[in-house]
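Chemist: Shown below is the structure under consideration.
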Amino acid sequence: MLRALLLLLLLANALLLAANLNLLPPLAGLGAAQREPERLQRQQQPELLQVLPAEAASAALRAAAASATEARATVCLEAGPFAGADAEAAERGLREAGIAGTAWQTIRAEGNGDYLIYMGRYTDRELLLKKLEQVKRLRLDVEELRDPAELRPGLGLGRYGSQAAAETALARMVQRGLRSAKVVVLAKPQSQTLLRLPAADGVLRETLAKLVLPKGGQFTACTPDGETPAAAAAASTADAASAAASGASR
């Protein structure tokens with residue numbers, strides 16, 4: 001009995017050794033049938049699988065993790081400002097793209113107008129040239145107007161984004177001896193609309209990139225400290241008006 005048990009143990013050990021050395025045929029899940037690359041070849045579509053070295057597999061996993069993190073990361077994006085019908089078209093584009101109204105904000109601000117310090121219209125060119133020389137003697141910037149046509153023949157002494165800035169500049173020029181000039185409204189201020197998405201993730205950014213916005217507009221990173229492009233433009237115009245007025249007073 002003991003001898004039979006010993007023989008059975010030896011046989012079992014021999015079979016296990018043969019299986020580990022791939023000496024047995026692929027029977028009952030033993031031997032090479034459970035090893036690579038034979039296991040890969042038994043897949044339904046082995047061409048879709050690729051066995052990577054450990055280093056390459058780790059790199060692929062890191063890249064996938066980084067891509068997932070980037071997709072989840074959110075950034076602040078904005079487009080505009082748009083005026084009038086362009087603003088309506090841009091908002092409609094967001095809705096038609098399936099972007100929820102809670103994902104974006106509509107920021108409205110008063111845009112700049114166009115105001116001209118003007119002298120004219122003169123009855124003939126000789127009178128225009130005479131006035132032109134008088135203004136130049138005051139050392140003020142002046143030019144003969146080419147447009148708009150309804151103001152010709154006439155002289156322009158500067159254009160400003162707001163009526164207040166134009167009136168201030170004109171007052172400085174009057175102190176220098178300027179006469180018969182006035183502020184003319186070329187264009188009234190228009191409401192400007194900025195579209196802002198404060199938390200756009202990767203999926204939303206892809207959707208925004210495909211949108212066709214009015215006048216070739218596109219979504220870009222939000223301006224710092226909540227300052228809108230319309231506000232920045234207004235500030236720039238005000239600074240320019242202040243500088244012009246200061247120059248006229250010197």
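Chemist: Please state the equivalent ellipsoid semi-axes for the stretch 126-198: what are the square roots of 5 times the Cα gyration tensor eigenvalues, largest first, in whole Å?
Modeler: Taking √(5λ) for each Cα gyration eigenvalue gives 31, 16, 10 Å.
Chemist: Ratio of alpha-carbon Rg to the 2.2 N^0.38 Å globular estimate for the stretch 87-141, to two decimals, please.
Modeler: Output field value: 2.43.
Chemist: Which cross-chain or sequence-distant (5 or more) residues have an amide H under 5 Å from the amide H of Leu197, H modelled 1.01 Å from N in plane?
Modeler: Here Leu77, Glu78, Gln105 satisfy the definition.
Chemist: Moving on. Send over the per residue convex hull volume for the stretch 82-190, Cα only, as a whole number of Å³.
Modeler: Each residue corresponds to 111 Å³ of Cα convex hull volume.
Chemist: Okay, next question. With θ set to phi - 60° and the Karplus curve 6.51 cos²θ - 1.76 cosθ + 1.60, what are the ³J(HN,Hα) couplings of the stretch 178-183 in order, to the nearest whole Hz, using x for Gly and Pro?
Modeler: Whole-Hz 3J(HN,Hα) from phi for the stretch 178-183: 6, 10, 6, 9, 8, 9.
Chemist: Output ³J(HN,Hα) for the stretch 161-175: one whole-Hz value per residue in order, computed from phi by the Karplus curve 6.51 cos²θ - 1.76 cosθ + 1.60 with θ = phi - 60°, and x for Gly and Pro.
Modeler: With the stated coefficients, the stretch 161-175 comes to x, 9, 5, 4, 5, 5, 5, 5, 5, 5, 4, 5, 5, 4, 4 Hz.
Chemist: Amide H to amide H under 5 Å from Leu145: which residues, 5+ apart in sequence or cross-chain, H placed 1.01 Å off N in plane?
Modeler: Gly154, Leu155, Gly156
Only the coordinates and a few stated rules stand behind these numbers; no lab work does. Given the structure is predicted, the values throughout are model-derived calculations rather than measurements.
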